[in-house]
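Coordinate-derived values only; no laboratory data. A quick note: this is a predicted structure, and the numbers were derived from the prediction, not measured. Here the Cβ positions follow ideal geometry from the backbone for every residue, glycine too, while neighbour counts run over all protein chains shown.
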Amino acid sequence: MVFQSFALLPHKTVVENIAFPLQIKGIKTQESINKAMSMVKLVGLEGRENYFPRELSGGQQQRVAVARALAMEPSLMLADEPTGNLDSANGHHIVEILIDVNRRHGTTVVLVTHNSELAENTDVTLAMRDGRAERLEVVRPRAGDRKKSESAV
């Protein structure tokens, strides 16, 4: 899960925040740290490995939260505004990572966003208004083509 408010542990460094759930899962310390370091690189936070959350910008904290979720190699990832605190370049990078995780590893990514540009990159979009489902749009990729089918919910 990628929380909109990051949910980082303030007394742990970037690497420790990413490695912690892996250690709880029973992965040995060194292996979890190695995995965390690869996630740091993936989200572009090299040089910040030993920073505490209070020493990071909101966008950097958000990337730590994404890295922590990715490190677990989930079959389902829930992400609440995963690009909300990111500049456009970092936001695009995170979106590319999520698309790659979905396509290459089969991870189902469910994300909540107000960013219509981000929503356009998804295979299924459920538009909501005032807490009610308003429109469902399914995109079925076909050999370089994206076919849309839309329905009211």
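Remarks
- Length available on full extension from residue 37 to residue 4: 0.36 nm per residue minus the Cα-Cα distance, which gives 9.6 nm.
- For the chain, the antiparallel share of DSSP beta bridges with both residues in that region comes to about 70%.
- Near residue 36, once Lys and Arg are set to +1 and Asp and Glu to -1 for all other residues with Cβ below 15 Å from its Cβ, the sum equals +3.
- Kirkwood hydrodynamic radius computed over region 7-85 comes to 12.4 Å, based on all pairs of distinct alpha carbons.
- Dipole of the chain, positive direction: furthest Cα of 6, 21, 62, with charges on the beta-carbon: 21
- Total charge dipole magnitude, the chain, about the Cα centre, Cβ charges on Lys, Arg, Asp, Glu only, Debye to nearest 20: 360 debye
- Sequence-distant contacts, meaning Cα pairs under 8 Å at least 6 residues apart, place the relative contact order of the chain at 20 percent.
- Helical runs (DSSP H, four residues minimum) scored at -39500 (n - 2.57) apiece and divided by the length of the chain put the mean residue ellipticity at 222 nm at -12500 deg cm²/dmol.
- Derived scalar couplings between HN and Hα for region 13-29 equal 6, 3, 4, 5, 5, 6, 6, 3, x, 5, 5, 4, 6, x, 7, 4, 3 Hz in order, rounded to whole Hz, by the Karplus curve 6.51 cos²θ - 1.76 cosθ + 1.60 (θ = phi - 60°), x for Gly and Pro.
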